[in-house]
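Have a look at the structure below before the remarks.
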Amino acid sequence: MSIAQQVANTALLISYPSRAAILTVLLDGRFHTASELSMLIGVKPQTTSYHLSKLIEQNMIVVESQGRHRYFGIQNQEIAKTVEALLVLSPPAKIKSLRQSREDAAIRYARTCYDHIAGYVGVQIADTFIQKGYLNLDFSLTAEGEQFLEEFQVNIKDMKKKRRSFCHKCLDWSERRHHIAGALGLAILERFLDLGWVVRQPKTRALSVTAKGKDAIREWLSIDV
């Protein structure tokens, strides 16, 4: 099989709306059961199971079993980046209700992009890191940035030992600018969650910044989110 044919087959695999919907839901970085995914994308359970099997065959997603339950998640960060890149290329969805408008605003404000913070809040953090000299324009961490994050109780040395990119830019589909991805992006998200600065919204990958979080981020980075 030629490389061109392999690319075409992969594109065909995710061209089905239900499969694309599954992958988009899984951009929250969490594992979901088939029944949860069925409810979130609005298709019948048997249809969801069929599409999940196709995505597993092509190593797009992985499955983990715990007792009688099976949980599905995106295979790796590279696949998540590809799905996010397709969202960058896609035209905005048409808003047909007040509920959709609110959901769209929440997603654009702050969300998980696999395992890091995206949306307006994520881009604001990245921009401020560059302005303050913590990140270079290529998103490499400076000595000042390393010291700043160590004071924030982010263990830089441990992150650099991980078998993944330490820090890289990720193009944000809603802001059309970059946010922080890689091990560093994950560490910042986890720290924000631990401190109660952000909380996950149910049934979506949107994040809510708490009142405590807004005050703390203002003090931490001198920005209002």
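Summary table
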| quantity | calculated |
| --- | --- |
| Any pair with Cβ under 6 angstrom, 6 or more apart, that starts in segment 97-119 at a residue that is farther than 20 Å from residue 83 by Cα and ends at one that is open to solvent by 50 Å² or more (accessible area, probe 1.4 Å) and not hydroxyl-bearing (Ser, Thr, Tyr) | 101/95 |
| Positions within segment 187-201 being open to solvent by less than 30 Å² (accessible area, probe 1.4 Å), under 21 Å from residue 141 (Cα atoms) and without any contact (Cβ under 8 Å) to a residue 24 or more places away in the chain, in sequence order | none |
| Residue in segment 176-186 that is farthest from residue 120 (Cα to Cα), counting only those that are open to solvent by 20 Å² or more (accessible area, probe 1.4 Å) and either part of a helix (DSSP H, G or I) or free of Cβ contacts under 8 Å to residues at least 60 places away in the same chain (or both) | 186 |
| Residue in segment 82-104 that is in a loop (DSSP other than H, G, I, E, B), touching a helix residue (DSSP H, G or I) at 6+ places or on another chain (Cβ under 6 Å) and modelled with pLDDT of 95 or more present | no |
| Filtered residues of segment 7-35 (kept if at pLDDT below 90, within 13 Å of residue 75 (Cβ to Cβ) and outside any helix (DSSP H, G or I)) | 14, 29 |
| Scope segment 36-74; condition touching a Phe, Trp or Tyr at 6+ places or on another chain (Cβ under 7 Å) and outside any helix (DSSP H, G or I); matching residues | 61, 63, 64, 71, 72, 73, 74 |
| Lone qualifier among 204, 128 - being of a type outside the set (Phe, Trp, Tyr), surrounded by 15 or more Cβ atoms within 10 Å (Cβ to Cβ), touching a helix residue (DSSP H, G or I) at 6+ places or on another chain (Cβ under 7 Å) and closer than 30 Å to residue 39 by Cα | 204 |
| Out of 142, 82, sole residue that is surrounded by fewer than 17 Cβ atoms within 10 Å (Cβ to Cβ), within 18 Å of residue 26 (Cα to Cα) and without any contact (Cβ under 8 Å) to a residue 40 or more places away in the chain | 82 |
| Condition met for residue 212 (surrounded by fewer than 17 Cβ atoms within 10 Å (Cβ to Cβ) and part of a helix (DSSP H, G or I)) | yes |
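The values are calculated or read from the model by the stated rules, or taken from the named source; none is laboratory data. None of these values were measured; they are calculated from a predicted model. Note that we place each Cβ from the backbone using ideal geometry, even for glycine, and neighbour counts take in every protein chain shown. The protein model used for the area step is the full one, side chains on, heavy atoms only, and it has no ligands, DNA or RNA in it. Shrake-Rupley method; radii C 1.70, N 1.55, O 1.52, S 1.80 Å.
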